[in-house]
């Protein structure tokens, strides 16, 4: 089981790192409730 | 009863419970408040709402750089923030967590919606505090990762039957999936961050205040569990290892509670014990005699 955990979901994201924004505002009350 | 030393007070962001008008849009601030609670060892507990106010931002959600600035300028806590091209890897985050560095994590909630950890109605960008890990194991890549992480999700207030009540032990795999599901350009843009990337802000490594001749444990921290040697009794936390007087009692700690020891020293030897070794937290203000601890030296 631990081996499964270790090997899942380790693929690198496809978006180029330099394209990622520094600021990601999170939390939206209108979508929350 | 004394709480585990590194655990903060849970702060719900729900305005009905926090009294914070901007509560729903302040998840990053509330997650930050709980990380600062850990960093201050509970001695100073800013509210998520106070942090929100100090950002000076009164509309919409907040970002990691915003709360980083508040933590630094208002509380003197220099968070190590990883966003954009400097995102943290899973390995880096796990290593920091194991070293006692709690962190704020920005996530996408989509992977949570079908689990008992669900806290939001829909799939949104969100933020949680990751406090500690357990079940550490060396993975096939050779680095240590936890089986589970104690997550303080400020939206997990059980306001509905389907909403979890935090804090909860999330599988580390789920933490990773949620981190990967963050939508960096907002929920109206379908692009997700992807694997092995985390928008995270880590608290500084705990600074050990050596007292009573304390020396650093090995490993650091030494994860141990409280266990009274007397059946039916709780282990006792004391303010110093040099006396068994009643005024040194901080309080009982439930058997089985995880305790992070950063220093040990020789102190008073309780009657009936062959040992004078005591284990202290990183502040040097809470000590447990070795006879009240189990699993010394092991990963927990």
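The values are calculated or read from the model by the stated rules, or taken from the named source; none is laboratory data. Note that this is a predicted model, so its numbers are computed, not measured. Here the Cβ is made from the backbone with ideal geometry for all residues, glycine too, and neighbour counts use every protein chain on show.
Just a few scattered comments:
- The listed residue being at positive phi and under 18 Å from the mean Cα position of the chain (by Cα), out of B:135, B:166: B:135
- Within segment B:14-62, the set of residues being at the interface with chain A (Cβ under 9 Å from one of its Cβ atoms) and surrounded by fewer than 24 Cβ atoms within 10 Å (Cβ to Cβ) comprises B:14, B:15, B:22, B:24, B:57, B:60.
- Residue check, residue B:213 free of Cβ contacts under 8 Å to residues at least 24 places away in the same chain and farther than 22 Å from residue B:122 by Cα: no
Yes or no, residue by residue, for (1) touching a helix residue (DSSP H, G or I) at 6+ places or on another chain (Cβ under 7 Å); (2) within 8 Å of another protein chain (Cβ to nearest Cβ):
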residue: B:141; (1), (2): yes, yes
residue: B:149; (1), (2): yes, no
residue: B:157; (1), (2): yes, no
residue: B:160; (1), (2): no, no
residue: B:167; (1), (2): no, no
residue: B:180; (1), (2): no, yes
residue: B:184; (1), (2): no, yes
residue: B:190; (1), (2): no, no
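- Of all residues in segment B:180-189, none are at pLDDT below 95, farther than 29 Å from residue B:12 by Cα and part of a loop (DSSP other than H, G, I, E, B).
- With respect to the conditions (1) outside any strand (DSSP E or B); (2) touching a helix residue (DSSP H, G or I) at 6+ places or on another chain (Cβ under 6 Å), residue B:121 lacks only one, and its number is (2).
- Residue list for segment B:134-162, restricted to those being surrounded by fewer than 24 Cβ atoms within 10 Å (Cβ to Cβ) and outside any loop (DSSP other than H, G, I, E, B): B:134, B:137, B:138, B:144, B:148, B:150, B:157
- Odd one out for residue B:129 among (1) touching a strand residue (DSSP E or B) at 6+ places or on another chain (Cβ under 9 Å); (2) modelled with pLDDT under 95: (2)
- Wholly enclosed helices (runs of 4 or more DSSP H) of segment B:1-86 bearing at least 2 residues in contact with a helix residue (DSSP H, G or I) (Cβ under 6 Å, 6 or more places away or on another chain) and touching a residue at least 12 places away in the same chain (Cβ under 8 Å): B:27-39, B:48-55, B:64-75
- In summary, residue B:223 fulfils each of the numbered conditions (1) part of a strand (DSSP E or B); (2) free of Cβ contacts under 8 Å to residues at least 12 places away in the same chain with the single exception of condition (2).
- Every residue from segment B:226-257 that is assigned to a strand (DSSP E or B) and buried (at least 18 other Cβ atoms within 10 Å of the Cβ): B:226, B:235, B:236, B:237, B:238, B:253
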